[in-house]
1. My understanding is that a pair violates if its Cα-Cα distance is over 22 Å; which of 50/93; 50/183; 44/65; 61/140; 61/122; 44/152 do that in this structure?
2. If each residue of separation counts as 0.36 nm, what is the full-extension length gain between residue 130 and residue 147 once their alpha-carbon separation is subtracted?
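What follows draws every value from the coordinates through simple rules; no lab data is involved. Please read all numbers here as calculations on a predicted model, not as lab measurements.
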Amino acid sequence: MKLLKSLLLCFLFFGLGNFKAQNLLLNDSDRRINFYQQQKYKLKANYLNKRKSLNLSYELKQNLKKLSINYFAKINNELKIINKISNDDELYKAITLKSLGESYPDINAVFFNRGNLLSDEKITDEEKQKYNQLFLEITKQIPNETYIELSKITDEINRDKFALTVPYRFEIFQDLFDENQRKRIDIINFLLWNVE
């Protein structure tokens, strides 16, 4: 009888505890999907016309198209690898990757593998340097007046994004890097969104 009670207690403790943890993960995934949908709607409603009205040089548009091709190639390559979701980490990665491909870009996550989003492999310093150089070149092609305008727009987007994350208690910008680099990445994300 004691053995049966012990087994029942073990089942209740471990079995139901695991079930509760799985429910929490699914709830977290649902919240993330809801967040991405709300963000996508808010971006489209508030910023799509601003993005489309920008007058960008031909050279800048071409560099953005190249960057866009690389961005989506990396996402699609990883989505092929995660073809069978076998654990919670892969579920989170698949949801995030799908959202990054369908809504607002995050070049920091995709090109620098922030939070090991794409894989557990580290990005080499040479590869990081290559992307940083490309981002710097793109930024240099933006006229000063346009850069200031983009800076204001991306500040608004970040405020909106933060307001959306509060109910979900998500972290934004888990990596620490200098403010100029963060601003550059914000602007490139905005320009990469709806590249024509």
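1. Pairs exceeding 22 Å: 50/93; 61/122.
2. Between residue 130 and residue 147, full extension yields an extra 3.9 nm.
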